[in-house]
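Have a look at the structure below before the remarks.
The values are calculated or read from the model by the stated rules, or taken from the named source; none is laboratory data. Since the model is a prediction, treat every value here as computed from it, not as a measurement. Cβ coordinates were reconstructed from backbone atoms using ideal geometry, including for glycine residues, and neighbour counts include every protein chain displayed. What goes into the accessible areas is simple: the full protein's heavy atoms, side chains included, and nothing from ligands, DNA or RNA. Shrake-Rupley method; radii C 1.70, N 1.55, O 1.52, S 1.80 Å.
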Amino acid sequence: MSISRVKLPNEKEITKYLSLKSLGPGSMLRSRRVPPFFKITLVVLCAFILWSFNHPQSSMNSVRRAREARVDRRFSANSANQQGGNGQTEGGFHKVRERCNKPATNVVFLKTHKTGSSTMSNIMLRFADTHNLTVGLPLKNHWELGGYPAFIDKRLIDPVLPKYNILGHHFRFNIDNLQQIMPADTRYITIIRAPKDNVESVFGFFQDQSPFNVWLEGVDANSTKLRLQTFYDHPEKFYNKDTDWFFRARNHMFFDIGYDVSNSDDGFIDSKIEELDNIFSLVLLTDYFDESLIMMKHVLCWDWEDVVYIKFKMRIEEAKTEVNEDLGRKILKWNKADNKLYDHFNKTFWRSVGEYGLDRMESDLATFQAKQKEAEKLCIDSYQPFKKKPWILGAKLRPRPSDYCKHLAWSETVYGEKLRDKMYENIPGLKKPTESEEATRNELFNQVANGALQLN
């Protein structure tokens, strides 16, 4: 499609859309103001589009050269003559066309921390259940997949299969390792969040865990605000890679996506973001969760029922900390990689929405939120605090819930066990590991995971 034919949103259209729409009760987060840099970006982008109408050939040549320059040479050798059932590949990875004929059934969802990704895991596992697909699961009694925080390791995935259809748990992304266990036409999806909100959520959720309970010993563990301010006044004073889970305190999203969180070189960060741009079919934004799911539904050719959700792990308002302007600047400076990551994929997301159509998005959003309210009314009695983390709320189902409601409410751990049993019962020749085999794999998990807690 020629870029001169793509109708992109202008500043007036996008501002009107964001100001008039309400994320409402079916949304993950409250509506956000459009940042100044976004307005400036849209003005520049619109000026470029107007110019491209009068210089279509020059425009296409520039776009083509930029696109070719972004393709990672590691993947270009695999890209020749590769075609998927619903699209074509670029750089060795499956890219979606405007129209597709059937739902994508080979999908990797990278579950990043504190981005609303527990809800996404339920969506992925529920889709796998509905369509009788194979799922790569964490070892029994583990939360994370494949030896997290180490790079995903196929030896630490259950059940042992040559290939999987769906991945939807926490793991550390590594495309080379994933290509060993996923089909060639796999779509790669992840989710990220505005860095200031992500950092505040990470500090709040892990307030009683490493590295914060080590570095901030003596600072009130119940005051996320005080801990945030204390750390970000002088982060270099506390930050120590010899401390387990140190990466929770800097560029946590960049870590989950597989990169060195301590490398603040612009060239390094930009090159890794370019890699990701060639790998991921879609990067969702927590800040615009419902819009992101609508785009995912479109990209994967799924149905509304595939993306309807109920909320998971919501923090109570009293547990949230308002990040003031000064603290916000310090957070963005220290988390430079996450900030650049979000800035890039925020722009590409809204470019995709512009191509999809703002009016179409607004209409779909109304439809989607109506379905959300219907599911919540049907299934949810109330939201109750977790016993061990009373500042986190979870959904309590109505009495005698239907299977539909149960499936909506199952966490990734509960749903994972259901799918584990289902696969062992239905895949011919697949046998459950013995206690001895489970013990051996757990020992290997501990060796691999513990070896990655401190990356020197």
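Assorted remarks:
- Ranking Glu438, Glu217 by solvent-accessible area of protein heavy atoms (1.4 Å probe, all protein chains present), from largest to smallest, gives Glu217, Glu438.
- The orientation-averaged projected area of the convex hull spanned by the Cα atoms of the stretch 265-324 comes to 6.9 nm².
- Efficiency of FRET from Cβ geometry, Leu430 and Lys347, R₀ 51 Å, rounded to 0.05: 0.70
- Normalised by the number of residues in the stretch 175-265, the average gap of Cα pairs under 8 Å and 6 or more apart makes the relative contact order 21 percent.
- Computed over Cα pairs, the Kirkwood radius of the stretch 158-265 leads via Stokes-Einstein (0.890 mPa s, 25 °C) to a diffusion coefficient of 153 µm² per second.
- Residues of the stretch 318-362 with amide N under 14 Å of the 7 Å Cα→Cβ point at Asp233: 327
- Rounded to 0.05, the FRET efficiency of the Ala439 and Ser271 pair, given R0 = 51 Å and the Cβ-Cβ distance, is 0.75.
- Carbon plus sulfur fraction of accessible area for the stretch 351-437, probe 1.4 Å, in percent: 51
- Added length on full extension, which subtracts the Cα-Cα distance from 0.36 nm per residue, Asn213 to Glu355: 46.5 nm
- Here Glu362 and Asn324 are evaluated by their C-beta separation; at R0 = 45 Å the FRET efficiency comes out at 0.85.
- Distance between the 7 Å Cα→Cβ label points at Thr413 and Ser264: 3.6 nm.
- The listed residues Met182, Met314, once ranked by accessible area (1.4 Å probe) with the largest placed first, stand as Met314, Met182.
- Solvent exposure of the stretch 124-268 amounts to 36 Å² per residue of accessible area, where only protein heavy atoms count and the probe is 1.4 Å.
- Rolling a 1.4 angstrom probe over the stretch 168-213 with all protein chains present gives an accessible area of which 39% lies on carbon and sulfur atoms.
- Calculated on the alpha-carbon coordinates, the convex hull of the stretch 357-456 measures out at 273 cubic angstrom per residue.
- Exposure of Asp260 as accessible area (Å², to 10), given a probe of 1.4 Å and all protein chains: 70
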